């Protein structure tokens, strides 16, 4: 029901996906000195995980609404786009800033967020198909 409702508002979900992407990019290339130090706890990995969970969900709904692809094509496309986006951001952080660096653990956290959202969507789809 939620998915159907979101897909009916394709402009809203698409704008949300774009705005979220811009905010994520701004945060990815900003100095975040005023945040608590999480380096010893790898706390920023939790942020990466959650950020890419949301990123994946928003872009899944936006792509589904815009292009009307079937579920499998949309989920795979979203996963690939989200993964490539994360890799590009990590690479550019290393190349374009002096205060950020590429981190394989960030890529892993991003990927786990992508896979978690995708997995939840697949399980939800299967649950609805069985009814």
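Hey, does the stretch 95-103 have a residue that's part of a loop (DSSP other than H, G, I, E, B), touching a residue at least 40 places away in the same chain (Cβ under 8 Å) and surrounded by fewer than 18 Cβ atoms within 10 Å (Cβ to Cβ)? Break it down into steps so the answer makes sense when it comes.
We begin by selecting, within the stretch 95-103, every residue part of a loop (DSSP other than H, G, I, E, B); these are 97-103.
The next check asks that each one be touching a residue at least 40 places away in the same chain (Cβ under 8 Å); those that pass are 97, 99-100.
If we keep only those that are surrounded by fewer than 18 Cβ atoms within 10 Å (Cβ to Cβ) as well, we get 97, 99.
Yes, because at least one residue in the stretch 95-103 is part of a loop (DSSP other than H, G, I, E, B), touching a residue at least 40 places away in the same chain (Cβ under 8 Å) and surrounded by fewer than 18 Cβ atoms within 10 Å (Cβ to Cβ).
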- All-but-one check, residue 40 against (1) outside any helix (DSSP H, G or I); (2) at pLDDT 95 or above, failing number (2)
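Could you tell me whether residue 88 is modelled with pLDDT of 95 or more and more than 27 Å from residue 128 (Cα to Cα)? Even if it seems obvious, please write down each step before you answer.
Working: modelled with pLDDT of 95 or more: yes; more than 27 Å from residue 128 (Cα to Cα): yes.
Judged against the criteria, residue 88 is a match.
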- How many residues of the stretch 48-70 are surrounded by 14 or more Cβ atoms within 10 Å (Cβ to Cβ), assigned to a helix (DSSP H, G or I) and free of Cβ contacts under 8 Å to residues at least 24 places away in the same chain? The answer is 1
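The values are calculated or read from the model by the stated rules, or taken from the named source; none is laboratory data. Keep in mind the model is a prediction, meaning the values are calculated, not measured. All Cβ positions, even for glycine, are placed from backbone atoms using ideal geometry, and neighbour counts span all protein chains on display.
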